[in-house]
Amino acid sequence: MENSMKLKSIVFTAIFALSSTLVFSQDFTQTDSVSVQIERQDIHRQHSIGSSLFLLGNFAPGDPVYFYQLNYGYQLTPKDFILVEAITWTYYEPLGTYGSSEKLYPGKVRAYGVGLGYQRFLCNNFYTTVEATPFLQQFYDTDNKKIQKGFQLYLQFILGYRFEFFKERLFIEPAYAIKYWPVNTNFPASFAAIESGAPKYIFEPSLNFGFRF
């Protein structure tokens, strides 16, 4: 029954994300195919690499977050991009109440993931992004001993704006996102007790940067 509910949750979320993205893509109809082909000839610097300015959080006081992120983007059309993101972080409290949790885990969670996303530019450099990242999670106790492993499916729906510099070679993307993890498995009992009742979603800002080539 629990697995069935998780599957329904995943399917619902995927349908919602896909439908939302398609709404913003209606201007790409068959009647526009010729103009799209012409526009493709004008695409320059089709590749990009980047990361997040939140890397600076690694230097903040307190428990280390070990946050690292590497993004790769490939431009399909003047308005459409495919994204691949490798990311890892460590967290010590439920993600749904991150930064304001009343209780911390009796240890920490180390997560590693590689995600795939679709980015669609709307107008005046505003964009939306839909991204899904499967995470392998490793649980550690207070003695830094690995207890067990789990799996998390992490979904993001993002609205942002791209600022471009130096003939569009460099860019910064401030954005706001809803992040949702419908699957979060194999928590140790002591971690699950802290996680119980915490939301499985959170609204967060982001600030990515990158280089096009």
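The values are calculated or read from the model by the stated rules, or taken from the named source; none is laboratory data. All values reported here derive from a predicted model rather than from experimental measurement. Cβ sites come from the backbone with ideal geometry, for glycine too, and all protein chains shown count toward neighbours.
Summary of values
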{"quantity": "Selection count, the stretch 70-85, where residues are surrounded by 14 or more Cβ atoms within 10 Å (Cβ to Cβ) and either in contact (Cβ under 8 Å) with a residue 24 or more places away in the chain or of a type in the set (Phe, Trp, Tyr) (or both)", "calculated": "11"}
{"quantity": "Of all residues in the stretch 105-131 being touching a helix residue (DSSP H, G or I) at 6+ places or on another chain (Cβ under 8 Å) and in a strand (DSSP E or B), the one that is farthest from residue 77 (Cα to Cα)", "calculated": "107"}
{"quantity": "Count of the stretch 180-201 residues which are touching a Ser or Thr at 6+ places or on another chain (Cβ under 8 Å) and not aliphatic (A, V, I, L, M)", "calculated": "3"}
{"quantity": "Those strands (runs of 3 or more DSSP E) lying entirely in the stretch 145-213 with at least 1 residues at pLDDT 95 or above and either over 27 Å from residue 75 (Cβ atoms) or in contact with a Gly (Cβ under 6 Å, 6 or more places away or on another chain) (or both)", "calculated": "146-161, 170-184, 201-212"}
{"quantity": "Checking residue 138 against (1) of a type outside the set (Asp, Glu); (2) in a strand (DSSP E or B); (3) exposed (fewer than 14 other Cβ atoms within 10 Å of the Cβ), the condition it does not meet", "calculated": "(3)"}
{"quantity": "Inter-residue pairs, beta-carbon under 6 Å, first surrounded by 19 or more Cβ atoms within 10 Å (Cβ to Cβ) and of a type in the set (Asp, Glu) and in the stretch 172-200, second in a strand (DSSP E or B) and modelled with pLDDT of 95 or more, 6+ apart", "calculated": "173/160; 173/208"}
{"quantity": "Hits in the stretch 140-171 (condition: of a type in the set (Lys, Arg) and without any contact (Cβ under 8 Å) to a residue 60 or more places away in the chain)", "calculated": "145, 146, 149, 162, 167"}
